[in-house]
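Have a look at the structure below before the remarks.
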Amino acid sequence: MNVYEALASRRSVRDFLPTPVPGAAIRRVLTAAARAPSGGNVQPWHIDVVAGERLDALKAIMQRRLREVAAGDTSERPEYDIYPKELVAPYRDYRFRLGEAMYAALGIPREDKARRLQWFARNYQFFGAPMALFCSIDRRMGPPQWSDLGMFLLSVMLLLREEGLDSCAQESWSIYPHTIAHFIGIPPERMLFAGMSIGHRNPDHPVNQLVSERAELSQFATFHGV
Ligand SMILES: Cc1cc2nc3c(=O)[nH]c(=O)nc-3n(C[C@H](O)[C@H](O)[C@H](O)COP(=O)(O)O)c2cc1C
């Protein structure tokens, strides 16, 4: 697999087979991903990997947590805004179209808020994946170091393809920062950025047929003297 193929074959997988992921594979991937660049080589990422009984325990905690939230518990606040308060065009449209395409693939109509919410809650069961990771960063770091996290996480997702594995990055975990911090022991000086579900895609699930759109090259790139 070359880099173009790894990029083309990576997509956010939202239904996984229960097939376990060997610990050796994720250790190889994280070791190689640490070659990702970072400004000043500060390497600001911290990764927690969770699988097996610990993952089952976390899934059970999240089921309870979502029930508490549904019953009106507002004790936990997201640590950061996942999107700007006002998401303007064209970004708003891209986001809208992704949501529509995903719920169309699932056969859940726009008005069926209950089923959409139920589907969203599957984030907190890692879409059935047998392994997950969480990425956190020292709170004193700024936007340049946060962009380093992105480079690291994409490296992980591409290397997972090389291992025959799939993934879904999940900012949705940032909505429950204290639950996760308590569970995996993130110290107060570090902040949770995102989680990631890891495993083998279920090729038969309709949500995994979704291929998200991309803007045309001319919409996001300007060439000067090229
Ligand atoms: C940092 C990051 C966080 C994301 N968080 C979520 C999430 O919480 N839940 C989810 O279903 N998808 C999540 N996604 C997946 C995006 O929706 C997806 O990458 C985008 O729609 C493009 O589709 P593709 O990954 O299949 O190419 C996230 C992606 C990134 C890069």
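Take the stretch 77-117 and flag every residue that is open to solvent by 100 Å² or more (accessible area, probe 1.4 Å) and assigned to a helix (DSSP H, G or I).
Selection gives Y91, R92, R95, F96, R97, K113, L117.
Quick check on H182: is it more than 13 Å from the ligand (Cβ to nearest atom), at pLDDT 95 or above, under 18 Å from the mean Cα position of the chain (by Cα) and surrounded by fewer than 15 Cβ atoms within 10 Å (Cβ to Cβ)?
Answer is no for this residue.
Hey, any hits in the stretch 92-109 for a residue that's within 20 Å of the chain's Cα centre (by Cα), more than 13 Å from the ligand (Cβ to nearest atom) and more than 20 Å from W146 (Cβ to Cβ)?
yes
Which of the numbered conditions does E53 fail, given that it passes all the others? Conditions: (1) open to solvent by 30 Å² or more (accessible area, probe 1.4 Å); (2) of a type in the set (D, E); (3) under 30 Å from A105 (Cα atoms).
Failed condition: (3).
For a quick check of your reading of the model, give me the residue pairs whose first member lies in the stretch 104-127 and is over 17 Å from F16 (Cα atoms), whose second is of a type in the set (A, V, I, L, M, F, W, C) and open to solvent by less than 40 Å² (accessible area, probe 1.4 Å), with beta-carbon atoms closer than 8 Å and at least 6 apart or on different chains.
Taking only residues 6 or more apart or on different chains, the pairs are I108/W119; R115/I108; R116/I108.
Show the residue pairs meeting these rules: Cβ distance below 8 Å; 6+ apart or different chains; first residue within the stretch 137-166 and basic (K, R); second residue surrounded by 15 or more Cβ atoms within 10 Å (Cβ to Cβ).
Between residues of the stretch 137-166 that are basic (K, R) and residues that are surrounded by 15 or more Cβ atoms within 10 Å (Cβ to Cβ), the close pairs are R139/R190; R139/M191; R161/A6; R161/R10.
Evaluate the following for T74: is it more than 13 Å from L149 (Cα to Cα), hydroxyl-bearing (S, T, Y) and outside any helix (DSSP H, G or I)?
yes
Any idea how many residues of the stretch 126-137 are open to solvent by less than 30 Å² (accessible area, probe 1.4 Å) and more than 11 Å from the ligand (Cβ to nearest atom)?
8
Condition first: more than 13 Å from the ligand (Cβ to nearest atom) and in contact with a strand residue (DSSP E or B) (Cβ under 9 Å, 6 or more places away or on another chain). Can you find one or more residues in the stretch 114-125 that meet it?
no
Which ones in the stretch 138-179 are in a helix (DSSP H, G or I), polar (S, T, N, Q) and within 12 Å of the ligand (Cβ to nearest atom)?
S147, S172, S174
The values are calculated or read from the model by the stated rules, or taken from the named source; none is laboratory data. This structure is a prediction, so every number in the text was calculated from the model and none was measured. Here the Cβ is made from the backbone with ideal geometry for all residues, glycine too, and neighbour counts use every protein chain on show. For accessibility, only protein heavy atoms count, side chains too; no ligands or nucleic acids. Shrake-Rupley method; radii C 1.70, N 1.55, O 1.52, S 1.80 Å.
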